[in-house]
Amino acid sequence: MDNVRNIVILTGAGISAESGIDTFRSDGGLWEQHRIEDVATPEGFARDPDLVLRFYDMRREAVLTKQPNPAHDALAKLDREWSARPNHNLLIVTQNVDDLHERAGAAHVHHMHGELRSALCTACMKRSPWDAPMSDRPACPQCGVNALRPDVVWFGEMPYHMDRIYGFLRRADLFVSIGTSGAVYPAAGFVRDARELGAQTLELNLERSEGSAWFGESRLGPASKLVPQWVDEVLRVS
Ligand code: OAD
């Protein structure tokens, strides 16, 4: 850890699993309960907007009842302490659409797949904070048109913040992936990018991810145990 100043942390559904939020690809996970084509593509939304709006209303409502777990708390602590050091930077890139990193107190978070607690207006293309249902077709608070959709990135759409994320990855000394299956690009490719650019790479996951072979080190177990242990290590030795 001696030469590490810039840390990029990628998180996925596994970090929120112990808060009671369903992952996607586990047995009984979201993609067994629903077809991706129906609820996570622009074509699905065009075909049956009511179904899609109800699906995200349900997920938004559920997330509001969940709390950050010790893994979110530990990353928030690392973010606070690491980012306070001169010339040290940390970025949490999350594929998650919940806000548990922020509620744990993390300040440097990019949601590359969007956010459940946000609405995107398909008329004015503005994003607005949003906690209410959308299936009753409310008006956009910014332009007044009834054309809101969930502000989440669907398959076939461009993830958010990619320029900033690649900018950070290019400077990363350490890349850490937590609770993601490594099944969805571009996030699944970050480990290779970071590694090719000379960063150390570490995976913390319940089981080996699809890209596990690319990591310099893999630690297997629940995020609520592994993440606090790793954060303590980082803050102790550096
Ligand atoms: P997945 O459901 O694909 O993978 C979750 C990963 O977390 C798996 O590798 C699990 O083994 C691991 N996991 C489960 N419980 C864990 C725990 N308690 N501690 C640590 N790890 C645990 O979810 P993601 O990789 O986040 O995108 O999925 C990536 C993207 O696919 C999502 O953002 C979403 C989805 O389709 C879009 O909808 C665009």
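The values are calculated or read from the model by the stated rules, or taken from the named source; none is laboratory data. Bear in mind that the values here come from a model prediction, so they are computed numbers and not experimental data. FYI the Cβ positions are ideal-geometry reconstructions off the backbone, even for glycines, and counts take in every protein chain you see. Remember, those area values only see protein heavy atoms, side chains included, never the ligands or the DNA or RNA. Shrake-Rupley method; radii C 1.70, N 1.55, O 1.52, S 1.80 Å.
Quick rundown of the values:
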{"item": "Qualifying lysines (Cα of each under 21 Å from Cα of Lys77; at least 8 residues distant if same chain)", "result": "Lys66, Lys225"}
{"item": "Only Lys, Arg (+1) and Asp, Glu (-1) charged, at Cβ; the chain dipole about Cα centre in debye", "result": "560"}
{"item": "Solvent-free Debye scattering, log10 I(q)/I(0), computed from the Cα coordinates of the stretch 84-134 at q = 0.27, 0.29, 0.31 Å⁻¹", "result": "-1.10, -1.17, -1.22"}
{"item": "Label-point gap, in nm, between Val145 and Glu43 - each point 7 angstrom along Cα→Cβ", "result": "2.5"}
{"item": "Principal axis dimensions, largest first and in whole angstrom, of the stretch 165-224 by Cα", "result": "29, 21, 20"}
{"item": "Convex hull of Cα atoms in the stretch 87-238, direction-averaged projection (nm²)", "result": "10.6"}
{"item": "Cα extents of the stretch 1-143 along the three principal axes, largest first (Å)", "result": "54, 41, 26"}
{"item": "Where only C-alpha atoms are counted, convex hull volume of the stretch 1-67 per residue in Å³", "result": "139"}
{"item": "Cα pair count fraction exceeding 16 Å, expressed as % - the stretch 65-160", "result": "61"}
{"item": "Carbon/sulfur fraction of accessible area - the chain, other protein chains in place, 1.4 Å, %", "result": "50"}
{"item": "Additional length obtainable on full extension of the chain from Tyr166 to Ala123, 0.36 nm per residue less Cα span", "result": "12.5 nm"}
{"item": "Label zone at Arg25, where the point sits 7 Å out along the Cα-to-Cβ direction: the stretch 187-225 residues whose backbone N lies under 16 Å", "result": "187-192, 203-215"}
